[in-house]
Amino acid sequence: MIARFVVRRAAALAVTLLIASVAIYGALFLSPGDPATLLVGGGKEPSPRLLAEIHRQYHLDEPFPASYWRWLTGMLRGDAGQSLSYQDSVTHLLGARIGNTLLLIAYAALLIVTFGVALGALAALRGEWADTVVTVLSTTFMAVPVFVMAVLLTWGFAVRLGWFPAYGSGTGFTDRLEHLTLPALALAASWLAYVAQVSRAAIRAELVSEHVQTARSRGIKESRIVRKHILRNAAAPIVSVSGVAVAGLIAGSSIVEQAFGLNGVGALLIQSAAKQDLAVVQALALLTVVAFALINTAVDVLSAALDHRLPPGGSR
Amino acid sequence: MNHMETPLLAFEGLHITLPVRGEHRAVVHRVDLTVPAGGAVGLVGESGSGKSLTARSVLRLLPPGARVGGDVRFDGASVTAMDAASLRALRGSGAAMIFQDPRAHINPLRTIGDFLTEGLVTTRGQRQGAATARATDLLREVGIADAPRRLRQRPAELSGGLLQRVMIAAALIGEPRLLLADEPTTALDVTTQAEVMAVIDEAREQRGLAMLFITHDLALAAAVCDSIAVMYAGSVVEQLPAARLHDASCHPYTRALLAARPDPGTGARPLRAIEGRPLSASEAGPGCAFAPRCPAARDLCTTDRPLPERTGDGRTACHFPLLAGADDAAPGTERTVRHG
Amino acid sequence: MSAYQSVPAAGGRLPLGRVRALARGQGVPIAAGTVVALVVLAAVFAPLLAPYDPNAVDPLAVSQGSSAAHWLGTDDTGRDILSRLLYGARPSLLAPALITLTAGLAGTALAVSAAWLGGWYDRVVSAFLDLVFGFPGLVLAVVGAAVFGAGLDIAVITLSLAYLPYIARVVRSAALRERALPYVSALGLLGLSGRRICLRHLLPNLLPLVLVQATTSFGYTMLDVAAFSFIGLGTQPPTAEWGLMVANGAPGIIAGQPEQSLYAGLVIVVFVIACNLLGSGLSRRLLGEDR
């Protein structure tokens, strides 16, 4: 049953990515002018000789399916073309920056999953003041956008307290971690609050459920009830929203990188969008959508495996 | 009813309040009831009469914030005063509860085997192998044929009737002395109801188990219990031997319940619904809670709450109990006269 | 006359009852609604309220703290921060409002037509919504800016598309439930046309849900628009906009002048919290549920 579900989700994933890649490549031809100007970058009209060169290099005069196929297979082979504004291959630009971004997202994901679930569990199981504090804080933090959080953290922890560096990526592992702490916190904060709220609700629902009452009526120790009946049963929804949160980090990471001057692919996406360097933007957009869709699919499969009641329904 | 030895279960003036928007409201007014070892008592009442909470008070399974007055004694020991360890022992091997809705009351994510053996393995320290063997035997006993396969399945793969048998097996596995059956057949199809009831009855007989049977079905209670207690708006209004239900019931409410039920045996007797709506315990005034719906109510009934007193074969809480065999509608003679 | 004089005394219980209603949970949505209304009014009447021209540069009053002349201080070119916050409310509110309106109208129309017509049309619409849902909204907007150039207009168009599924998916499943209700087939038997049933009966019953979804989405679209301006792809300087103001003030933070960023950030946060609380209050009131 679960195998069929995996196959179906994988097929849906492939179709989604195929359509998404057509949309991303097609964006090149949506602009009113010559698409070649978008590959030059800078948004200004280059010389006709350069344009002709780009037309030949990117096979822009071939029919759309052919040039799309060339682009897609190039992407799959790891050849994402040349960035004319950076004077470098897109693959090389990406390779130099992806490490920072992955470390940032992993750091933030770790914060979200550990502290989000822990705070949610604390609020649900302790109740009373802990519940009030977590609920109020999470409601507030959910409304604080990543870039405002970045500003607040920089001001508080970098400028006022001087505990962490305010800017840059750092070198060496510990130095990089230190540089990434404030960005990871800024990136994680609102998602952490969201995961805490959903965890709280899921654990509370199990806490008052009938089957927990049954376990109590049979004299089973409360600590075991919490572990084996409450937390275990609340795991599927918690994993599910944690996945949504981690996927959400991908989009948020570009803002954080921009705010903290981190040299990552997110900042590269924004800067090349500002320069209208579409070769880079297309590659990064495809990468983002692939990562986003992969995480969402993985989470769907994982939460289906955790909760045998859920799987074959497509829309949850 | 005046047994000299201590009864297995005794409610002594049980009173339960629950917090509703900041104030405590009574949900059980007064329950005095005993279940002798090996005996079966049916606690009958409409929904909201407090019968289910009464049963849950035996295992201290009340909603958070509930306050309990009076006492519940299990084998002489006060349940309300028990420490955590004794309470766990009581829940694990003293009394076991069969809940109404097995689909909700069995953890949907764990296997039937886990559900059955969890208590034995974690609280009694039995080995998993021995516990599984015991669970297999019990599943066969409650009429589940392919027990080993069922042990590996999850609740969603079993029908309601099968799940309720699993629930019964789970109650029996701790070898309790008392079963608390909270409407164990209400959520089932009519055809499986009888089978499940038979399984409970048989298991009781073999083990000499006592039972407190909660139901709204007076006839069913009379069929499987030795004694019947009728609850209305948080109080037991009448208690009498099951066999004497039709002949000896004196409380107008019990009579009304009997009259409201179709009885194929007595031919073309017209059915009579009880007029008015059932009261919850917290709505009851100073008088008899049934007075607003009672055809025989007089002034005294609205001002003074009657206490249970001996009436022939049972005990009745009524100022003007109906004479045995008298017409339902006619008010009985006053208690003082009858006692004289 | 004396009989009538007791009327005001009896009426005096009314405010008390109102206070009690506030304390019983109505207070939070009312307060949130008041905050939202005040901000909208501030945006509308910005020219009357703002003490300065939001773009007036004053080289003699650069990066000042709060004073009697400039209540919230000035930015790095001497522009009055309070005036910029007031004027900044206009694009900061207008863009999310346009997005919510577009996504709400188009989303509801798609959802109701898909639920009503069913068949391949419904499958195509659902697949399209799932596809859009798979794109992070901000990435969509960044690609849009890369193709068409930076600007608030492109953010409005791309984010309208990105928010479409948030409204349409919920409304579609509600419309499917509604469609299955007996009264709908009864109306069909009475000879009413499908369009009439949709417009006159389905839609009004779904309206509370659309309203709740839109209110909650409004807060989040505002965050996305502000973020888009913050990264430099939305509103372009010198226009005053909250997200852009946070970005403009960012260099000042390290120099010890965090006011511009903090005030603009605070305004965004307070407004979004108010939107969310209003949304859940409306949800409880109109739909009778917590979400």
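The values are calculated or read from the model by the stated rules, or taken from the named source; none is laboratory data. This one's a predicted model, so the numbers in the text were calculated from it and none came from an experiment. FYI the Cβ positions are ideal-geometry reconstructions off the backbone, even for glycines, and counts take in every protein chain you see.
For the range A:252-278, what are the residues that are out of contact with any Pro (no Cβ under 7 Å at 6 or more places or on another chain) and aliphatic (A, V, I, L, M)?
A:255, A:259, A:265, A:267, A:268, A:269, A:270, A:273, A:274, A:278
Note down all Cβ pairs under 7 Å where the first residue falls in the range C:225-251 and is within 7 Å of chain A (Cβ to nearest Cβ) and closer than 18 Å to residue C:53 by Cα, the second is of a type outside the set (A, V, I, L, M) and part of a helix (DSSP H, G or I), and they're at least six residues apart or on different chains.
none
For the range A:1-62, give me every one of the helices (runs of 4 or more DSSP H) that falls completely inside it and has 1 or more residues that are outside the structural domain of residue A:302 (by TED's automatic domain parsing) and farther than 28 Å from residue C:151 by Cα.
Numbers: elements: A:2-26, A:35-40, A:48-57.
In the range A:1-62, the matching helices (runs of 4 or more DSSP H) lie at A:2-26, A:48-57.
Is the range C:90-103 home to any residue that is within 13 Å of chain A (Cβ to nearest Cβ), assigned to a helix (DSSP H, G or I), touching a residue at least 60 places away in the same chain (Cβ under 8 Å) and surrounded by 23 or more Cβ atoms within 10 Å (Cβ to Cβ)? Break it down into steps so the answer makes sense when it comes.
Pass one, the range C:90-103, residues within 13 Å of chain A (Cβ to nearest Cβ): C:92, C:96.
If we keep only those that are assigned to a helix (DSSP H, G or I) too, we end up with C:92, C:96.
Narrowing the set further to residues that are touching a residue at least 60 places away in the same chain (Cβ under 8 Å) leaves C:92, C:96.
Within this subset, residues satisfying the condition of being surrounded by 23 or more Cβ atoms within 10 Å (Cβ to Cβ) are C:92, C:96.
Yes: one or more hits.
Out of curiosity, is residue A:86 in a loop (DSSP other than H, G, I, E, B), outside the structural domain of residue A:256 (by TED's automatic domain parsing) and not hydrophobic (A, V, I, L, M, F, W, C)? Steps first, answer last, please.
Values: in a loop (DSSP other than H, G, I, E, B): yes; outside the structural domain of residue A:256 (by TED's automatic domain parsing): yes; not hydrophobic (A, V, I, L, M, F, W, C): yes.
It is true that residue A:86 is in a loop (DSSP other than H, G, I, E, B), outside the structural domain of residue A:256 (by TED's automatic domain parsing) and not hydrophobic (A, V, I, L, M, F, W, C).
For the list (1) surrounded by fewer than 17 Cβ atoms within 10 Å (Cβ to Cβ); (2) within 14 Å of chain C (Cβ to nearest Cβ), I need the number of the one condition that residue A:59 fails.
For residue A:59, the failing item is (2).
Name, by its number, the condition in (1) hydrophobic (A, V, I, L, M, F, W, C); (2) closer than 23 Å to residue C:39 by Cα; (3) over 19 Å from the mean Cα position of the chain (by Cα) that does not hold for residue C:255.
Result: residue C:255 fails condition (2) only.
Given (1) at pLDDT below 80; (2) more than 16 Å from residue B:256 (Cβ to Cβ), identify the lone condition not met by residue B:329.
(2) is the only condition that residue B:329 fails.
So residue B:139 passes all but one of these: (1) over 23 Å from residue B:211 (Cβ atoms); (2) crowded, with 20+ Cβ neighbours inside 10 Å; (3) out of contact with any His (no Cβ under 6 Å at 6 or more places or on another chain). Which condition number does it fail?
Only one criterion in (1) over 23 Å from residue B:211 (Cβ atoms); (2) crowded, with 20+ Cβ neighbours inside 10 Å; (3) out of contact with any His (no Cβ under 6 Å at 6 or more places or on another chain) is unmet by residue B:139, namely (1).
Would you call residue C:233 over 17 Å from the mean Cα position of the chain (by Cα), part of a helix (DSSP H, G or I) and modelled with pLDDT of 85 or more?
In short, no.
Select, from A:251, A:274, A:285, the only residue that is surrounded by fewer than 24 Cβ atoms within 10 Å (Cβ to Cβ) and either within 14 Å of the chain's Cα centre (by Cα) or within 14 Å of chain B (Cβ to nearest Cβ) (or both).
Working: A:274 fails: either within 14 Å of the chain's Cα centre (by Cα) or within 14 Å of chain B (Cβ to nearest Cβ) (or both); A:285 fails: surrounded by fewer than 24 Cβ atoms within 10 Å (Cβ to Cβ).
Criteria check complete, one pass: A:251.
Scan the range B:44-71 for residues that are farther than 15 Å from residue B:99 by Cα, surrounded by 23 or more Cβ atoms within 10 Å (Cβ to Cβ) and aliphatic (A, V, I, L, M) and jot them down.
B:44, the sole residue that qualifies.
Which residue, of B:66, B:135, B:130, is free of Cβ contacts under 8 Å to residues at least 12 places away in the same chain and more than 10 Å from every other protein chain (Cβ to nearest Cβ)?
Exactly one residue qualifies, and that residue is B:130.
Within the bounds of the range A:193-206, is there any residue that is facing chain B (nearest Cβ under 10 Å) and either of a type in the set (A, V, I, L, M) or out of contact with any Gly (no Cβ under 6 Å at 6 or more places or on another chain) (or both)?
Looking only at the range A:193-206, we keep the residues that are facing chain B (nearest Cβ under 10 Å), and these are A:206.
Subset that is either of a type in the set (A, V, I, L, M) or out of contact with any Gly (no Cβ under 6 Å at 6 or more places or on another chain) (or both): A:206.
Yes, the range A:193-206 has at least one match.
Among the residues in the range B:160-176, are any modelled with pLDDT of 90 or more, under 16 Å from the mean Cα position of the chain (by Cα) and surrounded by 14 or more Cβ atoms within 10 Å (Cβ to Cβ)?
For the range B:160-176, residues modelled with pLDDT of 90 or more, under 16 Å from the mean Cα position of the chain (by Cα) and surrounded by 14 or more Cβ atoms within 10 Å (Cβ to Cβ): present.
Within the range A:99-151, restricting attention to residues that are hydroxyl-bearing (Ser, Thr, Tyr) and touching a helix residue (DSSP H, G or I) at 6+ places or on another chain (Cβ under 6 Å), which residue is nearest to residue A:191 (Cα to Cα)? Before you say what the answer is, go through the steps one by one.
Going through the range A:99-151, the residues hydroxyl-bearing (Ser, Thr, Tyr) turn out to be A:101, A:107, A:114, A:132, A:135, A:138-140.
Those left that are additionally touching a helix residue (DSSP H, G or I) at 6+ places or on another chain (Cβ under 6 Å): A:101, A:107, A:138.
Details: A:101: 17, A:107: 13, A:138: 9 Å.
Out of the qualifying residues, it is A:138.
Scan the range A:148-171 for residues that are among the aromatic types (Phe, Trp, Tyr) and either within 22 Å of the chain's Cα centre (by Cα) or closer than 27 Å to residue C:222 by Cα (or both) and jot them down.
The answer is A:155, A:157, A:167.
Kindly evaluate residue A:92 against the criterion of being surrounded by 15 or more Cβ atoms within 10 Å (Cβ to Cβ) and assigned to a helix (DSSP H, G or I).
Values: surrounded by 15 or more Cβ atoms within 10 Å (Cβ to Cβ): no; assigned to a helix (DSSP H, G or I): yes.
So residue A:92 fails the test.
From the list A:157, A:173, A:141, which one is more than 9 Å from chain C (Cβ to nearest Cβ) and in contact with a Ser or Thr (Cβ under 8 Å, 6 or more places away or on another chain)? If you could, list the steps in order and put the result at the bottom.
Numbers: A:157 fails: in contact with a Ser or Thr (Cβ under 8 Å, 6 or more places away or on another chain); A:173 fails: in contact with a Ser or Thr (Cβ under 8 Å, 6 or more places away or on another chain).
After ruling out the rest, the residue left standing is A:141.
May I ask you to say which residue of A:84, A:102, A:119 is within 14 Å of chain C (Cβ to nearest Cβ) and out of contact with any Ser or Thr (no Cβ under 6 Å at 6 or more places or on another chain)?
Result: A:84 is the single residue among A:84, A:102, A:119 that is within 14 Å of chain C (Cβ to nearest Cβ) and out of contact with any Ser or Thr (no Cβ under 6 Å at 6 or more places or on another chain).
Within the range C:253-287, which residues are more than 9 Å from chain A (Cβ to nearest Cβ), part of a helix (DSSP H, G or I) and closer than 26 Å to residue A:160 by Cα?
C:259, C:260, C:263, C:267
Between B:187, B:221, B:259, B:198, which is surrounded by fewer than 22 Cβ atoms within 10 Å (Cβ to Cβ) and closer than 17 Å to residue B:52 by Cα?
Just one listed residue meets the conditions, B:187.
Could you check residue A:93 against (1) free of Cβ contacts under 8 Å to residues at least 12 places away in the same chain; (2) under 30 Å from residue A:171 (Cα atoms) and say which number it fails?
Unmet for residue A:93, out of (1) free of Cβ contacts under 8 Å to residues at least 12 places away in the same chain; (2) under 30 Å from residue A:171 (Cα atoms): (1).
For the range B:178-248, which fully contained helices (runs of 4 or more DSSP H) count at least 2 residues that are within 25 Å of residue B:102 (Cβ to Cβ) and touching an Asp or Glu at 6+ places or on another chain (Cβ under 9 Å)? Before you say what the answer is, go through the steps one by one.
Values: elements: B:190-207, B:218-224, B:245-248.
Because the criterion is at least 2 residues that are within 25 Å of residue B:102 (Cβ to Cβ) and touching an Asp or Glu at 6+ places or on another chain (Cβ under 9 Å), the helices (runs of 4 or more DSSP H) in the range B:178-248 that meet it are B:190-207, B:218-224.
Could you list all residues from the range B:157-179 that are among the aliphatic types (A, V, I, L, M) and out of contact with any Lys or Arg (no Cβ under 8 Å at 6 or more places or on another chain)?
If the condition is that a residue be among the aliphatic types (A, V, I, L, M) and out of contact with any Lys or Arg (no Cβ under 8 Å at 6 or more places or on another chain), then B:167, B:168, B:169, B:171, B:178 are the ones that fit.
So, residue A:61, is that one farther than 20 Å from residue A:20 by Cβ and over 28 Å from the mean Cα position of the chain (by Cα) or not?
Spelling it out, residue A:61 is indeed farther than 20 Å from residue A:20 by Cβ and over 28 Å from the mean Cα position of the chain (by Cα).
I'm trying to understand the selection: among the residues of the range C:24-52, which are in contact with a helix residue (DSSP H, G or I) (Cβ under 7 Å, 6 or more places away or on another chain) and part of a loop (DSSP other than H, G, I, E, B)?
C:50, C:51, C:52
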